[in-house]
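In what follows, a structure is listed as structure tokens, so that the remarks can point back to it.
The values are calculated or read from the model by the stated rules, or taken from the named source; none is laboratory data. Note that the coordinates shown come from a computational prediction; the quantities given were computed from them, not determined experimentally. Here the Cβ positions follow ideal geometry from the backbone for every residue, glycine too, while neighbour counts run over all protein chains shown. Just so you know, the surface numbers come from the protein's heavy atoms only, side chains and all, with ligands and any DNA or RNA stripped out. Shrake-Rupley method; radii C 1.70, N 1.55, O 1.52, S 1.80 Å.
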Amino acid sequence: MLSWLSAVAAGLFALHVLQKLFFPYFWKDVTFLWKIITYGIKLELCKLTSKVVTVVDTFVEQAQRIPDKAFLIYEGVVHTYRDIDERSNRVANVFLKQGTLKKGDCVVLLMNNEPDFVSVWFGLTKVGCTVAFLNTNIKSKSLLHCFNCCGAKTLVVGADLIECLEDILPSLREDNIDVWVMKRENGGCTQVQTLLDQIDFASDRPVPASLRAATSLKTPILYIFTSGTTGLPKAAVITHLQTLKAAAGFWAFGGREDDVVYVPLPLYHSAASMIGIGGTLQLGATCILKKKFSASKFWSDCRKYDVTIFQYIGELCRYLCNQPKAEGERAHKVRMGVGNGLRPDVWRDFHARFGEVRMCELYGSTEGNLCFMNHIGKLGVVGRSNFFYKLLFKYDLVKYDMVREEPVKDARGFCQRVKKGETGLLLSKVSATSPFFGYAGSKQLTERRLLRNVFSSGDAYFNTGDLMAEDKEDFICFKDRVGDTFRWKGENVATTEVTETLGLVGFIQEANVYGVEVPGHEGRAGMAAVIVRLGHEFDGKALFEHVVTDLPAYARPVFIRIQEFIEITGTFKQQKFQLVQSGFDPSTISEPLYVLDYVQKSYVPLTDNVYQSILAGEQKL
């Protein structure tokens, strides 16, 4: 008997050793995959029963279950689940009383981070409306375009942003767009309606749940505008399926009801709204909502509010690492960071300085149909795949020609998969389980994001526009963005939009915009190779004024390169590859170079001394 037990114990020990040696991530993979499958089954049941428990339904349930628990804490003021539920009811009742909105209508929301962003969002959803989130950096021309995309006839704007609309208010009124401002009546502008007074006097009784009831996961509920490659923002269609998947993010990474989540990212981004707010209420947790991110106040906030989870983009963590060192930096309760774009070197510095916070990298675009999650926590990767994950989510990495800026095809015209460890363009198969809902108002834009006949005739894949690599252990690493889009300061920069803006400058004949790597910075800084018109001279001050007026901060070219001619490809596309490779080093580039200088309010010559100060991190970009 003892020998039999000893044999069993020895066998189990051997299996354990073998598992650790050859399948070190087995149990973590199984646990994570089980969560994915069980949540997927829950969503499939929604399809079978035609009854969708939406994110707002979950919020209402939480408000009934834990009414007095803090949901949002903003600038030190606590807003409980009951508070936000009742205030969103007031918003819903205001618009129902007005009678101008009905189920299915779209309302545009232009607000900075504040509790009323969530109250208005939920209130409009309770009426049955879809809500379009606008980037607060948006310019007037783009704003009018956004209304045309989603067909909205109502705009709710924060009191601190109404001045941004003064130039286009007459145009909005001409298009019969109702403008509501989150302030009280004070006898000001007559072209807008004030909302706060009406909210204060409205009933906080719930509106009929039938107004927000959804029978399909594929019903649009949000439009989130992304900076696209077309020169104007694109309205990504967000359905209940996408919001429910995003809301499960914290839970999938191990979030709990007792967590306190720090959200310093803008709510008009899917990360903050769908993952941050949606994930918080899914757990029944508490969210510390910040109007803007402050590196100097981050850790003091974390200590003050006992933060356990924070959201980030790669730049955010770098800003924290660049702060002057202070005592007690490890005296916090933060156990998890959830976000994307964290460079390996910043990751290491963050851990070395602030402690072994579990960094949960994830990968996915607002409109995309694929998501990777680094549930292992391995440094420098965005996610992990395995045999079973690939059965559920069909994706491939294909060879990509950086010069031609297109996938490499074989003799039959099909894409070629890369080998393990090689870098390739990430494509995700469009199917019933992984649908792509595209963009509102333009079938053409939707079609542009698809590649057809990729591996066989008739198939369709979502083109992520990202270069990735998958190693022998199935870890997935982000390498770069391709095409006309790059990232800077956490935002997508559309080169066509910047090119069009530069083309309006009198002395610029042609511009070729691209991104260049800057040591110590995330993403790529904007750079423009320009041809100065014959008989004109380069005017740094005039160009500075133009880009500051017409472009958001993240889209402004940091560097300018003066050229006599711009190379083009055989298909008459501007050649960017060599420009990207040559960077902005004045010692290796004979052509005149300039850099954006906010102190002198001009583009100033990029000398060797200035170049060295940029490399040393002494000059702000």
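When the residues of region 432-468 are filtered to those that are more than 21 Å from GLY383 (Cα to Cα) and charged (D, E, K, R), which remaining residue is surrounded by the most Cβ atoms within 10 Å (Cβ to Cβ)? Going through the qualifying residues, I end up with ARG449.
Residues in region 401-431 that are open to solvent by 70 Å² or more (accessible area, probe 1.4 Å) and under 22 Å from CYS371 (Cβ atoms): ARG417, LYS420, LYS429. Here is the figure for region 469-505: residues that are surrounded by 18 or more Cβ atoms within 10 Å (Cβ to Cβ), part of a helix (DSSP H, G or I) and of a type in the set (Val, Ile, Thr) total 4.
Against the definition (within 30 Å of GLN62 (Cβ to Cβ), open to solvent by less than 20 Å² (accessible area, probe 1.4 Å) and assigned to a loop (DSSP other than H, G, I, E, B)), how does VAL338 come out, yes or no? No: the conditions fail for VAL338. Could you list, in sequence order, the residues of region 536-555 that are closer than 17 Å to ALA511 by Cβ and either open to solvent by less than 30 Å² (accessible area, probe 1.4 Å) or more than 28 Å from the chain's Cα centre (by Cα) (or both)? Matches in region 536-555: HIS536, GLU537, PHE538, ASP539, GLY540, ALA542, LEU543, PHE544, GLU545, VAL547, LEU551, ALA555.
Filtering region 31-75 down to residues that are open to solvent by 30 Å² or more (accessible area, probe 1.4 Å) and among the aliphatic types (A, V, I, L, M), which residue is nearest to ASP116 (Cα to Cα)? Ranking the candidates gives VAL53 first. The one condition from (1) hydrophobic (A, V, I, L, M, F, W, C); (2) closer than 30 Å to PHE225 by Cβ; (3) open to solvent by less than 80 Å² (accessible area, probe 1.4 Å) that ILE566 does not meet is (2).
Restricting LEU451, LEU397 to residues that are assigned to a strand (DSSP E or B), at pLDDT 95 or above and farther than 24 Å from PHE475 by Cα narrows the list to LEU451.
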